[in-house]
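We did not get these values from a lab; they are worked out from the coordinates using the rules stated. Values in this document were obtained by computation on a predicted structure and should not be read as measured data. Using ideal geometry, Cβ is built from the backbone for each residue, glycine included, and neighbour counts are taken over all protein chains shown.
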Amino acid sequence: MSDAMVAEPSGKVAKRGFGQRPPLILALGVALIVSVSLAICIGAIPLSIGGVLGFAETSSIEQTVLYSIRLPRVVLAALAGAGLAAAGAALQALFRNPLADPGLIGVSGGAAVGAIFMIVFGAGFVAEALMPYFIPLAAITGAAAVTGLLYAFARWFGNFEVSTMLLVGIALNAMSTVAIGGFEFLSDDTQLRTLVFWTMGSYGRATWTTVLPAATVIVIAAGTLVSRGRALDVLQLGEVEARHLSINVDLLKRVTVISAAAAVGAAVAVSGIIAFVGLIVPHIVRLILGPSNRWVLPGSLLLGATLSVLADLVARIVIIPAELPVGLVTSALGAPFFLWLIASARSRA
Amino acid sequence: MIEVRGVSVRRGKRVTLDNVNASVQRGQVVGIVGPNGAGKSTLLHAMAGSLGVAGGEVLVDGQPLNDLSLAEQARTRAVMSQHVDMAFPYPVHEVIAMGWEPFRGLQPLDTNRLERIANDCGVYGLLWRRFDQLSGGERQRVQFARTCLQVDGILTFSDGGVWLLDEPTASLDIGHELLVLRHLREAATRNVGVCLVVHDLEKAARFCDHTILLDRGRVAASGAPREVLSDHTLSEVYDTPITTEWHSGLERLLVHA
């Protein structure tokens, strides 16, 4: 009982709270604006910031580059990054497991299977004009199926340990690889080129017709996830405890699974598999803002968008006029980070 | 008040509770005792409504538990489970603050209230530590404080409630054990019905008004501690020779095994 009477209430909690959180969120917002501006201006054809904002004269070529190429691509990169990072943070909270990344545990793979199925076989039953809607829909279905399956596994095992989850992820990813390989075998030459792009991950195919439907889905899904931050915090006590504290756990799980799957599915449908964004970003945000999902989710949105836009910028400019797939850049950053996470988890245990 | 009537619970083929009747009145401390695997936690969680019952009914103030919304349930009773692990490095004050969740829509959590509860529960010095780095006993004290905050909320918005605790003192040293048990006694004076699973029979006799002795899923005895905790019943239920002795100097029941 030594510390029972250490101090009289002093308002210390109020004073020492994470008071610095709002300015930090603001800083993340500023970082996003800066990186978006850089990404719009820098490229094979450089644009001036004055021209972009309409203060300076621009040629028609510059206009076309800005509105038809640069802008949709940057918007896609920002939204896909935001969606993947928010989905990663939400899945980590849902599975109560810091290594739950949509790519590692097979959710992105499920989305890719759905999208590729639609590309290869969709022409048979869907009109060409509706494809921008049906590919994301198929990808979301694939992502939701895998997430649901993972959750069923988690319940079945009782306690879903980190290693078990990653092993299940390996198995699910292997299944996706089989399905994708099968589809590749059945596809024709033009479809095959699209499929290669899928497995590497790239924002290079962004056009407004494909970006807008996916963007709508990502905005709604990410908004829903952010609104569940507090409930996801209480869920960390355990499902039973959360119920005792008035959280409708079944509804929360369903909403989280569907929203995370929608965000991942929509992102994968337009950009392929961009690995590790959903893992790295929430971790960095937790280091900055603390573990509370009320802050981790919005923070992940902002930092996910920033990181993704910058990764795409790097992918575009390192070997001008050619470009790297952005998935390669995020993996090059993410894989060592992942190793570091495993090492630090080991040394703590 | 919470009452279970003829409740049975099955886990697979095994019957873990068999036609059990029990109740917790406001202002009363009820202790559930019994050997390992007797169904003590199961009975507590049946009262809490956190597991499906195969038969019988659970009533809260005469109303079936399932008729109440989750929010209404959470504004009537607090539950402390045995183990809570958290995968993320939440600071202790955020963990305790989660106890206010059911009342957040009615009134925002005042940090003075949080500090007062932390002080009362002897966890003030832990408020800024990371929950995942605490020892087992410290975690238990923090979870106790979290449910204590919930009980404080229940008493703020109604005139009484129920507090269910599954071995709240299992990993505590003797000082903190007494702090928790005195706290529960004090809560009972404020019209809270307390029900706890407890292993220490002497503590059960000292702090409870009523004891329920479970044996293999059935109620072996129920009533005032000194009647229930008799040599004969205890020896039979625990399958060990047990003698009890009333120490008139201490005014306490001593249990020798």
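Filter the GluC sites (Glu not before Pro) in the range A:154-252 to those in DSSP coil with at most 16 other Cβ atoms within 10 Å of their Cβ, and list the result. It would help to have the intermediate numbers written out before the result.
Numbers: sites: A:GLU161, A:GLU184, A:GLU239, A:GLU241; in loops: A:GLU161.
Filter output for the range A:154-252: A:GLU161.
So, by mean Cβ neighbours within 10 angstrom, what's the order for A:74-84, A:120-130, B:217-227 with the highest one leading?
A:74-84, B:217-227, A:120-130
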Principal axes first, then extents: for the Cα atoms of chain A, list largest minus smallest coordinate on each axis, whole Å, largest first.
-> 75, 51, 36
Average beta-carbon neighbours from other chains, 10 Å sphere, peptide A:95-105 | 1
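Place the peptides B:40-47, A:35-42, B:168-175 in order of packing, highest mean first, counting for every residue the other Cβ atoms within 10 Å and averaging per peptide.
Numbers: B:40-47: 23.2, A:35-42: 18.5, B:168-175: 17.0.
Packing proxy ranking, top to bottom: B:40-47, A:35-42, B:168-175.
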Classified through the alpha carbon gyration tensor (a ≥ b ≥ c as square roots of its eigenvalues; rounded if a/c is under 1.5, else prolate when a/b is larger than b/c, else oblate), the range A:171-300 comes out prolate
What residues have an amide H closer than 5 Å to that of B:ARG252, excluding those fewer than 5 places away on the same chain, when H is modeled at 1.01 Å from N in the peptide plane?
-> B:HIS247
What fraction of the DSSP beta bridges in the range B:158-257 is antiparallel, stated in percent and rounded to the nearest 5?
-> 60
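With a ≥ b ≥ c the root eigenvalues of the C-alpha gyration tensor of the range A:25-138, is it rounded (a/c under 1.5), prolate (a/b larger than b/c) or oblate?
Here the range A:25-138 falls in the oblate category.
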Expected vector for the range A:20-32, Karplus 3J(HN,Hα) from phi with 6.51, -1.76, 1.60 and θ = phi - 60°, integer Hz, x for Gly and Pro, equals 7, 5, x, x, 5, 4, 4, 4, 4, x, 5, 4, 5
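Need one value for A:245-252: mean number of C-beta atoms belonging to other chains within 10 Å of its residues' C-beta atoms.
Values: counts 16, 13, 6, 3, 1, 0, 1, 0.
Mean partner shielding for this stretch: 5.
What does the helix-only formula give at 222 nm for chain B: each DSSP H stretch with n ≥ 4 adding -39500 (n - 2.57), the total divided by the residues, and the result rounded to the nearest 500 deg cm²/dmol?
Values: 9 runs with 87 residues, N = 257.
Result for chain B, helices only: -10000 deg cm²/dmol.
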Determine the percent antiparallel among the DSSP beta bridges restricted to the protein assembly as shown, to the nearest 5.
-> 60
Peptide B:84-96: average number of partner chain Cβ atoms within 10 Å per residue?
-> 6
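Rg/Rh for the range B:1-152: what does it come to with C-alpha atoms and Rh from Kirkwood?
On the way: Rg = 17.1 Å, Rh = 17.0 Å.
Rg/Rh: 1.00.
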Any chance you could check the Cα centroid distance between the range A:220-273 and the range B:110-137 for me, in angstrom?
-> 28
Derived scalar couplings ³J(HN,Hα) [the range A:75-83; Karplus, 6.51 cos²θ - 1.76 cosθ + 1.60; whole Hz; x for Gly, Pro] | 4, 5, 4, 5, 5, 5, x, 4, x
For the range A:222-262, just the Cα atoms, rotate onto the principal axes and tell me the three extents in Å, largest first.
-> 29, 15, 13
Using θ = phi - 60° and the Karplus relation 6.51 cos²θ - 1.76 cosθ + 1.60, list the HN-Hα couplings for the range A:48-54 in order, rounded to whole Hz, with x at every Gly or Pro.
-> 8, 4, x, x, 4, 7, x
Which of the peptides A:171-182, A:289-300 is most tightly packed, and how do the rest follow, going by the mean number of other Cβ atoms within 10 Å of each residue?
-> A:289-300, A:171-182
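Once you order the gyration tensor axes a ≥ b ≥ c over the Cα atoms, which shape class does the protein assembly as shown get: rounded for a/c under 1.5, otherwise prolate or oblate by comparing a/b with b/c? Walk me through the intermediate numbers first.
Details: a/c = 2.89, a/b = 2.11, b/c = 1.37.
Prolate shape, in that a/c is at least 1.5 and a/b is the bigger ratio.
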